[in-house]
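Worksheet for the structure shown next.
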Amino acid sequence: MNFVALKMLFGDRAKYLMLLAGLTFSTMLILQQGSIFWGLMTWTQSGITNVNAPVWVTDPNINQVEEIKPLAETTVNVVRSVPGVEWAVPLYKGVQRARLRDGNYEQIALIGIDSSTLIGRPVTVLEGNIEELRSPEAVAVDQTGVERLGGPEKIKVGTMFAINDHRVRIVALVYAQKSFQNFPFVYTTYKRALEITPPERRKLSYVLAGPVDGVSPEELARRIHEQTGLGAYTEEQFGWKTVMWMLKNTGIGVNFGTTVLLGFIVGMAISGQTFYLFTIENLRQFGALKAIGASTGMLARMILLQSFTVGMIGYGMGVGLATMFGLLASGGALPFKETWPLLGGVGVALLMICSVSSAIISQA
Amino acid sequence: MDKPLNQGGKPFEEDLSHWLVRARGVTKSFGEGDTKIPVLKGVDLDVARGEILLLVGPSGSGKTTLLSVIAGILDSDDGDVRILGKTIQNLSPSEKTCFRRDHLGFIFQQYNLLSPLTAMENVAVPLFIRGLAKKEAFGRAEEVLVNMGMAERLKALPTKLSGGEQQRVAIARALVGDPQLLLCDEPTASLDGETGHRVVQTLCDVGKHPDRAVIIVTHDSRIFEFGDRIVHMNDGRVDQIQHS
């Protein structure tokens with residue numbers, strides 16, 4: 001009877017297209033909202049993911065990556081003394097002011113990385129040579145920096161500008177994940193970062209550490225915390241800590257969560273209602289099938305097949321449209337991150353609503 | 001010859017070689033309490049093998065309800081309905097469904113063809129329900145439709161068929177499973193006189209089979225001539241049985 005069920009579904013083109021449009025719109029709505037939400041959360045962690053270090057050592061009371069509580073310079077050696085640490089390097093992170101050639105100022109996120117190892121450097125170099133960061137006055141600027149500091153015509157390898165009245169020269173253009181505050185990332189060496197930032201008693205923002213073979217980042221973080229009393233987190237742990245803080249303290253969680261939830265409820269309601277109406281309109285035909293000997297189980301399977309088929313097609317089209325939106329938006333200012341768990345979650349939710357509406361209809 | 005009737009729950013005389021349907025003292029009401037409406041008030045009815053029986057009477061006399069009780073679609077409140085020796089009330093819902101599938105054929109007033117399916121696919125549906133493979137089901141469906149003069153319309157959708165053609169497809173669908181009892185609910189109600197006449201003629205041709213019986217619920221006096229017996233119902237009771 002699968003053949004009959006599918007012909008009933010596809011045969012009435014107007015009803016089928018209406019149903020498909022409802023399901024496609026629902027999927028797109030939920031996925032688009034969910035992806036923007038998750039994209040925003042990804043931006044909040046970019047300060048961590050751009051650095052790409054196994055373990056972050058921080059002040060014990062830190063809440064999130066942007067809330068920098070400087071450490072003593074000796075902390076690097078303290079961390080190096082913990083068994084299981086293969087390497088530990090300093091990292092400077094802070095918001096500074098860059099002065100442009102036209103006299104304008106722009107805030108930047110300055111990242112100072114260890115000059116000998118360059119641990120914490122960006123993975124993708126778009127132009128120039130990142131190794132040249134070791135040369136005098138050298139900095140690397142990310143794609144947001146190129147845009148903010150004057151555009152690709154003015155900002156290129158060799159361009160000079162000032163940070164806190166210290167002259168710097170661009171030696172590389174790099175790609176970095178945008179930050180939540182949307183400041184451009186400017187990379188330099190740790191030593192130079194200390195030179196060009198205003199004097200403070202402590203300037204070490206974080207210590208990055210890596211484990212020896214056989215020790216996991218989780219185990220290393222635990223050891224560092226236990227032996228030094230400092231905060232120590234794996235990249236993932238620090239990322240989640242930051243996300244949770246943002247959700248709890250910024251209102252993003254409530255506001256965006258409500259939007260996502262509403263998108264979900266509205267989307268699911270549309271899907272359920274549309275499919276329910278579709279089947280109700282076919283009730284006379286199902287009644288005829290029952291009269292000529294189709295069992296209730298057989299009719300339920302037919303309805304389920306119809307709902308799953310149209311659900312999957314609608315899901316595919318919705319994912320396609322949401323992805324297209326994401327691709328168009330990814331070049332702009334909108335955060336958009338379509339993840340496998342999100343795709344899976346929306347798929348499962350859609351199948352669930354199809355099953356529930358099928359069950360209700362079968363009962364009727 | 002007209003025969004007044006009130007058999008009033010006479011015991012069955014089991015003769016399966018002669019009687020295909022035997023109903024005794026069937027009652028059925030709808031609603032509850034003050035709004036309870038008795039629709040069947042103790043109906044006795046026998047249908048013999050090879051017989052074409054017309055069930056006639058005014059609207060609300062209980063004809064369609066009786067047909068539904070015989071088919072096992074509705075449960076009677078009281079009484080006994082036996083088809084092919086099986087007491088319908090004693091069957092579970094799934095057994096009733098299987099019984100309908102294996103022994104009964106249905107023809108509806110509005111044909112109830114599945115609009116997205118072609119004539120041949122519609123006729124094959126009861127065979128799909130029985131689990132037959134597509135090729136075999138289509139082969140048998142085609143055979144039945146060709147026998148009914150529909151060879152040229154096998155691939156036509158119901159919307160492209162005339163009323164008479166649609167009813168012939170509905171008859172073919174009812175017959176394709178070779179049922180022993182054919183139940184027809186107002187089969188000519190949506191047809192003009194000439195087409196209705198032709199459709200009933202077709203029904204009688206296929207119904208006149210020693211192992212099959214046909215019950216036709218109708219208002220249409222123009223087809224009375226086709227019945228072996230005409231059972232008149234009134235106010236939930238069998239009022240009169242007329243033999244042709």
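Cβ under 15 Å from B:PHE99's Cβ, B:PHE99 left aside: what net charge do those residues give with Lys, Arg +1 and Asp, Glu -1?
Values: positive: A:LYS290, B:ARG82, B:LYS86, B:LYS96, B:ARG100, B:ARG101, B:ARG130; negative: B:ASP75, B:GLU95, B:ASP102, B:ASP178.
With Lys, Arg at +1 and Asp, Glu at -1, the neighbours total +3.
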- Note on the structure: For A:ALA232, the net charge from surrounding residues (Cβ-Cβ under 12 Å; K, R +1; D, E -1) works out to -2
- Message: Can you give the local net charge around A:VAL55? Use residues other than it whose beta-carbon is closer than 11 angstrom to its beta-carbon, Lys and Arg +1, Asp and Glu -1.
- Response: -3
- Counting every C-alpha pair in the protein assembly as shown, the percent lying more than 40 Å apart is 53
- Note on the structure: Rg/Rh of chain B (Cα atoms, Kirkwood Rh), to two decimals, equals 0.97
- Query: Which of A:MET8, A:MET324, A:MET268, A:MET312 comes first, and how do the rest follow, when ranked by fewest Cβ neighbours within 10 Å?
  - Reply: A:MET324, A:MET312, A:MET268, A:MET8
- Message: Quick check on the exposure proxy: order A:THR296, A:THR24, B:THR202 from fewest to most C-beta atoms within 10 angstrom.
- Response: A:THR296, B:THR202, A:THR24
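Only Lys, Arg, Asp and Glu count, each charged at its Cβ (+1, +1, -1, -1), so figure out the dipole size of the stretch A:72-229 about its Cα centre, rounded to 20 debye.
Working: 20 positive and 19 negative charges, 93 e Å.
That gives the stretch A:72-229 a dipole magnitude of about 440 debye.
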- Message: On alpha carbon coordinates alone, what is the Rg over Rh value for the stretch A:38-81, Rh being the Kirkwood radius?
- Response: 1.03
- Query: Straight-line reach from A:LYS154: which aspartates and glutamates have Cα under 13 Å away, leaving out those fewer than 8 places along the same chain?
  - Reply: A:ASP102
- Note on the structure: For the stretch A:266-364, the Kirkwood Rh over every pair of distinct alpha carbons, in Å, works out to 15.1
- So the pair-distance distribution of the stretch A:197-324, from every Cα-Cα distance in 10 Å bins, comes to percents of 9, 19, 18, 16, 15, 12, 7, 3, 1
- Which of A:LYS15/A:LYS290; B:LYS41/B:LYS63; B:LYS36/B:LYS96 exceed 19 Å between C-alpha atoms? The answer is A:LYS15/A:LYS290; B:LYS36/B:LYS96
- Please express the shape of the stretch A:1-129 as an equivalent ellipsoid: the semi-axes are the square roots of 5 times the eigenvalues of the C-alpha gyration tensor, given largest first in whole angstrom. 51, 22, 15
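Work out the P(r) tail for the stretch B:99-244: percent of alpha carbon pairs separated by more than 23 Å, whole number. Intermediate results must be reported in sequence, preceding the final value.
Working: 3552 of 10585 pairs.
Tail of P(r) above 23 Å: 34 percent of Cα pairs.
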- Counting residues in chain A as N, plug N into 2.2 N^0.38 Å and put the Cα Rg over that result. 1.33
- May I ask for the Rg/Rh ratio of the stretch A:103-261, computed from Cα atoms with Rh as the Kirkwood radius, given to two decimals? 1.02
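Values in this text are rule-based calculations from the coordinates and carry no lab data. For clarity, every value in this text was computed on a predicted model and none was experimentally measured. Cβ atoms come from the backbone with ideal geometry, glycine included; neighbour counts cover every protein chain shown.
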